[in-house]
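The block underneath contains the structure these notes are about, expressed in structure tokens.
The values are calculated or read from the model by the stated rules, or taken from the named source; none is laboratory data. Given the structure is predicted, the values throughout are model-derived calculations rather than measurements. Cβ sites come from the backbone with ideal geometry, for glycine too, and all protein chains shown count toward neighbours.
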């Protein structure tokens with residue numbers, strides 16, 4: 001099962017709280033018509049503050065409920081506007097922080113369809129070979145000097161999907177891009193001061 005991102009959790013929460021708000025306004029309208037115990041105005045406003053302002057506003061319009069009360073007529077739209085402005089403000093800040101936190105660097109050129117898999121010598125390459133066949137990948141090269149293989153992804157898969165699949169195979173130690181090195185590229189020595 002895929003783990004939800006913070007954005008996905010936020011969207012699910014907003015959807016649920018707005019449905020709850022919409023239903024609360026409908027139920028309160030029904031209770032008002034049938035002389036039943038009512039939902040407090042504080043609860044109706046509070047659900048809007050918790051993020052259900054769209055559902056609250058929709059409930060007011062659809063159910064024709066609380067539309068003449070000033071604190072609802074002006075308060076709920078005001079809460080919605082404040083929430084939209086806050087969301088826009090925090091979204092802009094988050095993007096700025098990410099841009100500052102991650103310096104831009106050039107991604108090294110790599111093959112668009114080939115990747116390198118190394119495996120544990122003690123486990124052997126049998127689980128990897130079975131996974132290659134099951135996934136529909138192709139062995140490009142079986143290295144003799146290291147316990148590794150160059151694999152070509154299936155045509156209908158992305159490189160990242162294929163690499164992620166093989167990371168989970170028993171005995172696989174690493175899955176890396178097949179980087180391209182050109183003889184014309186300038187040599188940059190790795191100098192370390194001790």
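Summary of computed values
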{"item": "Elements of type helices (runs of 4 or more DSSP H) contained in the stretch 38-90, each with 1 or more residues being within 18 Å of residue 28 (Cα to Cα) and under 28 Å from the mean Cα position of the chain (by Cα)", "result": "41-47, 53-63"}
{"item": "Total residues in the stretch 140-179, condition loosely packed, with under 15 Cβ neighbours inside 10 Å and either at pLDDT below 90 or over 31 Å from the mean Cα position of the chain (by Cα) (or both)", "result": "7"}
{"item": "Among the candidates 104, 113, residue that is within 30 Å of residue 164 (Cβ to Cβ) and at pLDDT below 90", "result": "104"}
